[in-house]
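Here's the structure we're looking at; comments come further down.
The values are calculated or read from the model by the stated rules, or taken from the named source; none is laboratory data. Bear in mind the structure is a predicted one, so any value in this text is a computation, not a measurement. Every residue, glycine among them, receives a Cβ derived from its backbone with ideal geometry; neighbour counts consider all protein chains shown.
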Amino acid sequence: MTEQADKTGQQQGAKGVLHVAIVMDGNGRWAKRRRLPRHAGHRAGVKAARRTVEACVALGIRTLTLFAFSSENWGRPSAEVQQLMALFIDALNQQVPELNEKGVRLTIIGDREQLPADLVRQIEESEAMTADNDRLNLVVAVAYGGRWDIVNACKGLARQVADGELSAGDIDENRLAAQMQLAGLGDPDLFIRTGGDSRISNFLLWNLAYTELHFSASLWPDFEPKELEAVVGSFHGRERRFGKTSAQVSGDYA
Ligand code: IPE
Ligand code: IPE
Ligand code: MG
């Protein structure tokens, strides 16, 4: 990429793609191809996540949401689940001080009640350390499911109704959105899934309503910043119509 194109990319990144959400899939297959244990793939996946965070900062992206562990991933063999929980603790411990220096604000979304206590402690410390940063919002979804998120948001509204703070008739999309895990962070503009499968796998069901989708054949540990730059670049060529006509969104229609 030439310097000029790179500069343009940065400007466009800041202007167009404000929020990128990624399903980081393919760690196990990456390891299998190398005859390594699955865990080696997850460790390589952490490195890819780190590269991607830095690439997002360089591109001027405001929010990066990474799917690290789904509500369905609890169904994996318990040894793999335990290794993943330990890996999350290590990754936070090792990486958050450096991310903090780069101005990254970390938020973990998902059902914390399901997580081991030592991971919850590490999450709380990491969030507190980075709370005042504003260069990039890094959101990591752990023990997260899109259906759980919607149910949890409904429970929040039901409590408000039960407490007399809200009447059922006043419930609308904005009030439900305010109870969702990504409240205040905006819906993703661009969704990327690596690993070759074209599915959402219970990621941000509510927030992806009008997100542009991109499915990559790369296994997550092989995902490189140049691929991210290319996908972000192609995003700028897409017309987002949000249900309207092309003439309306291009301004030709009064
Ligand atoms: C994604 O990689 C990471 C998690 C779901 C925790 P996978 O572990 O799903 O890798 P594949 O899909 O088996 O290759
Ligand atoms: C999606 O990957 C979840 C994460 C990347 C955390 P999975 O490997 O769990 O998805 P499926 O099972 O192929 O749909
Ligand atoms: Mg997978």
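Things worth noting here:
- Filter result for the condition that a residue is within 11 Å of ligand 2 (Cβ to nearest atom), outside any helix (DSSP H, G or I) and touching a residue at least 24 places away in the same chain (Cβ under 8 Å), over Ile22, Ile61, Ile108: Ile22
- Scanning the range 26-40 for residues that are in contact with a Leu (Cβ under 8 Å, 6 or more places away or on another chain) and buried (at least 20 other Cβ atoms within 10 Å of the Cβ) gives Gly26, Asn27, Trp30.
- The residues listed here are Ser167, Ser201, Ser246, Ser250; of these, the one that is closer than 30 Å to Asn73 by Cβ and polar (S, T, N, Q) is Ser201.
- Any hit, the range 226-234, residues being within 16 Å of ligand 2 (Cβ to nearest atom), among the hydrophobic types (A, V, I, L, M, F, W, C), within 24 Å of Ala48 (Cβ to Cβ) and out of contact with any Cys (no Cβ under 9 Å at 6 or more places or on another chain): no
- Residues considered: Leu87, Leu59. Of these, the only one that is among the aliphatic types (A, V, I, L, M) and either surrounded by fewer than 21 Cβ atoms within 10 Å (Cβ to Cβ) or farther than 30 Å from Phe235 by Cα (or both) is Leu87.
- Odd one out for Gly13, checked against (1) crowded, with 21+ Cβ neighbours inside 10 Å; (2) modelled with pLDDT of 95 or more; (3) among the small types (Gly, Ala, Ser); (4) not in a strand (DSSP E or B): (2)
- Test result for Ala68, crowded, with 20+ Cβ neighbours inside 10 Å and either farther than 18 Å from Val231 by Cβ or without any contact (Cβ under 8 Å) to a residue 40 or more places away in the chain (or both): yes
- Screening the range 25-57 for residues that are part of a loop (DSSP other than H, G, I, E, B) and more than 21 Å from Phe191 (Cβ to Cβ) and picking the one that is farthest from ligand 2 (Cβ to nearest atom) gives Arg35.
- Answer from Ser71, Ser78 - the residue that is at pLDDT 95 or above, within 16 Å of ligand 3 (Cβ to nearest atom) and under 25 Å from Gly146 (Cβ atoms): Ser71
- When the range 97-122 is filtered for residues that are crowded, with 22+ Cβ neighbours inside 10 Å and either touching a strand residue (DSSP E or B) at 6+ places or on another chain (Cβ under 6 Å) or among the β-branched types (Val, Ile, Thr) (or both), the ones remaining, listed by number, are Val104, Leu106, Ile108, Gly110.
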